[in-house]
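What follows draws every value from the coordinates through simple rules; no lab data is involved. Only a predicted model underlies this, so the values are computations on that prediction, with no experimental measurement involved. Note: ideal-geometry Cβ built from the backbone for every residue, glycine included; neighbour counts use all protein chains shown.
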């Protein structure tokens with residue numbers, strides 16, 4: 001597949017701190033790329049550099065196979081974006097805001113109508129934007145971003161401020177864009193559930209460093225199960241299994257084992273029973289994506 | 001041209017023209033009342049020179065504030081809704097945006113300048129001034145305030161785009177108003193440093209007090225031309241410095 005966005009060792013330093021450090025991001029055509037990371041991880045800074053709003057300290061960005069530095073205006077003419085909070089003229093109506101973008105994008109009236117309809121603002125188009133709720137402003141921002149139905153859409157935390165129903169609507173909208181309009185979508189979020197339900201590939205960034213990049217499938221494959229065993233005498237069982245070559249760890253009333261095959265579990269059970277230790281429970285605990293994410297980004301950070 | 005019309009479109013419901021016109025009415029009203037009182041006390045003052053000198057002096061007080069208000073309104077809407085960032089992602093060149101804002105502000109401020117000239121002519125005709133309407137003098141008056149306005153606009157735009165809190169830009173406009181009004185009291189070397197002093201500095205008529213009598217002297221156009229050229233050069237310098245500074249800032 002064609003690479004729509006590629007960054008090569010992209011870095012941004014503020015003072016002596018690297019906000020983005022040697023990030024190699026790759027987004028292919030038709031993907032919904034989820035850019036995930038805790039607050040302050042460097043997501044927005046990376047996206048701003050991709051849009052040319054912030055100059056990188058180091059590295060290079062290519063969009064549509066073209067160097068961003070040399071082709072910024074060409075790239076931007078085919079890219080829609082919503083960065084950080086939605087941008088709007090509060091004293092103007094929703095429709096007037098759309099008209100401003102329409103004039104700058106030089107697109108026909110039908111695009112305005114369709115974009116307003118997609119985000120379900122057609123009944124509020126004559127209301128001043130200052131009277132909109134945060135969710136409506138967010139939807140207006142998305143409408144402005146998709147107005148020209150660009151090849152590439154970059155949405156930075158698009159569900160911020162939306163209620164659960166609104167989040168669901170936006171999620172469905174984003175999922176439909178590659179299919180309906182052949183768009184490639186980059187969506188950033190600090191909410192794992194958002195990305196999990198929307199993205200086809202994912203990049204996880206933490207402290208400015210890309211921790212993981214790949215398909216959502218490959219991320220889910222990191223869900224290695226943990227086998228938890230409870231016996232009548234965990235202390236003796238621990239000693240016995242350790243001597244047999246297992247590496248158990250004590251977790252509350254259980255002994256935990258990582259990466260065990262079914263055969264190994266059966267063998268382990270046999271050892272315990274043959275040595276007169278009653279086995280009360282054998283449980284398989286699967287890791288969810290959240291714990292994978294926390295493993296990658298560090299548990300001490302807030303999500 | 002498209003960008004300028006877009007800037008004017010964005011000013012919908014801001015009532016900026018109305019603000020400017022009301023402000024102008026206050027200024028003109030004040031100037032005309034003061035002139036009428038002066039004529040009532042001394043009928044010799046019933047001339048175009050006195051009226052132009054009065055308006056020039058009032059402009060020093062009012063126009064810096066009016067320019068600050070006008071520019072602030074034009075720039076603040078980008079700060080309030082975080083729209084500068086959005087415009088830059090719509091493949092708009094920041095330099096073009098900056099110049100469109102400048103051109104819009106200059107256009108809006110040009111309207112009260114023309115209205116002032118028309119008001120002077122109307123007042124003179126209604127009050128039966130002896131001489132015919134001094135077209136050339138009024139043209140020089142108009143040129144002086146337009147050039148000074150354009151320079152002050154460049155300066156105010158730089159401040160309004162750089163400092164988000166518009167109270168700063170408006171306070172600067174008020175300082176400008178005070179400076180513009182009191183400019184003639186400063187020594188010439190100091191006066192020339194302040195852009196606001198040119199509302200009276202480029203006026204074609206100046207006042208002089210001799211033996212407790214006020215005299216109105218028409219300045220030689222040739223002597224004001226170098227001053228105008230220097231102010232235009234300063235205006236271009238301030239505009240370019242502001243444009244480069246603002247457009248290079250990261251969003």
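Taking 10 °C and 1.306 mPa s as conditions, region B:87-220 diffuses translationally at an estimated 92 µm²/s according to Stokes-Einstein applied to its Kirkwood radius (Cα pairs). Given in Å, the Rg to one decimal and the Dmax to the nearest whole number for the Cα atoms of the protein assembly as shown are 34.2, 128. Peptides B:220-233, A:53-66 ranked from most to least packed give A:53-66, B:220-233, packing being the mean of other C-beta atoms within 10 angstrom over each peptide's residues.
If I take R0 = 25 Å and measure r between the Cβ atoms of residue B:93 and residue A:84 in this structure, what FRET efficiency does the formula 1/(1 + (r/R0)^6) give, to the nearest 0.05? Result of the calculation: an efficiency of 0.70.
The long axis of helix A:68-77 is offset from the longest Cα principal axis of chain A by roughly 70 degrees.
State the antiparallel share, in %, of DSSP beta bridges confined to region A:63-213, rounding to the nearest 5. Given both bridge residues lie in region A:63-213, the antiparallel proportion sits at roughly 40 percent.
Cα centroid separation, region A:89-124 to region B:93-129: 33 Å. Extension gain, residue A:275 to residue A:258: 0.36 nm times the residue separation minus the Cα-Cα distance gives 3.9 nm. Its alpha carbons give region A:226-286 an Rg and a Dmax of 10.1, 29 Å.
Averaged over A:83-93, how many beta carbons belonging to a partner chain fall within 10 Å of each residue's beta carbon? Let's see the in-between values first.
Values: counts 6, 3, 3, 4, 10, 6, 12, 4, 9, 8, 2.
Across A:83-93, the average partner-chain Cβ count within 10 Å equals 6.
When each of B:3, B:150, B:174 is scored by the number of other beta-carbon atoms lying within 10 Å, the sequence from fewest to most is B:174, B:3, B:150. With neighbour counts taken as other beta-carbon atoms within 10 Å, the residues B:70, B:113, B:75 rank, fewest first, as B:113, B:75, B:70. Distances between every pair of Cα atoms in region B:2-248, grouped in 5 Å steps from 0 to the bin holding the largest one, split as 1, 6, 13, 18, 18, 15, 11, 8, 5, 3, 1, 1, 0, 0 percent. Connecting C-alpha atoms closer than 10 Å in a GNM of chain A, tell me which of A:15, A:30, A:135 has the biggest fluctuation. Maximum among the listed residues: A:15. Divide the volume of the convex hull around the Cα atoms of chain A by the residue count and you get 167 Å³ per residue.
Separation of region B:132-180 from region A:52-74 is 39 Å, based on Cα centroids. Once the Cα atoms are used to define both axes, helix B:48-80 deviates from the longest principal axis of chain B by about 10 degrees.
Normalised by 2.2 N^0.38 Å, where N is the number of residues, the alpha-carbon radius of gyration of region A:155-209 equals 1.15. For region B:17-98, the Cα gyration tensor yields ellipsoid semi-axes of 42, 12, 8 Å (square root of five times each eigenvalue, largest first, whole Å).
Starting from the Cα gyration tensor of region B:54-125, take the square roots of the eigenvalues, sort them a ≥ b ≥ c, and report rounded, prolate or oblate (rounded when a/c is under 1.5, otherwise prolate if a/b is larger than b/c, else oblate).
Prolate, since a/c reaches 1.5 and a/b exceeds b/c.
Net length available on complete extension from residue A:13 to residue A:133 is 39.7 nm, with 0.36 nm assigned per residue and the Cα-Cα distance removed. Helix-only estimate, please: 222 nm mean residue ellipticity of the protein assembly as shown, summing -39500 (n - 2.57) across DSSP H runs of length 4 or more and dividing by its residues, to the nearest 500. My calculation for the protein assembly as shown gives -18000 deg cm²/dmol from helical runs alone.
Using Cα atoms only, what is the angle between the long axis of helix A:234-243 and the major principal axis of chain A, expressed in degrees (0 to 90) to the nearest 10? Long axis of A:234-243 versus the principal axis of chain A: about 90 degrees. With neighbours defined as other Cβ atoms within 10 Å of a residue's Cβ, the residues A:23, B:92 order from fewest to most as B:92, A:23.
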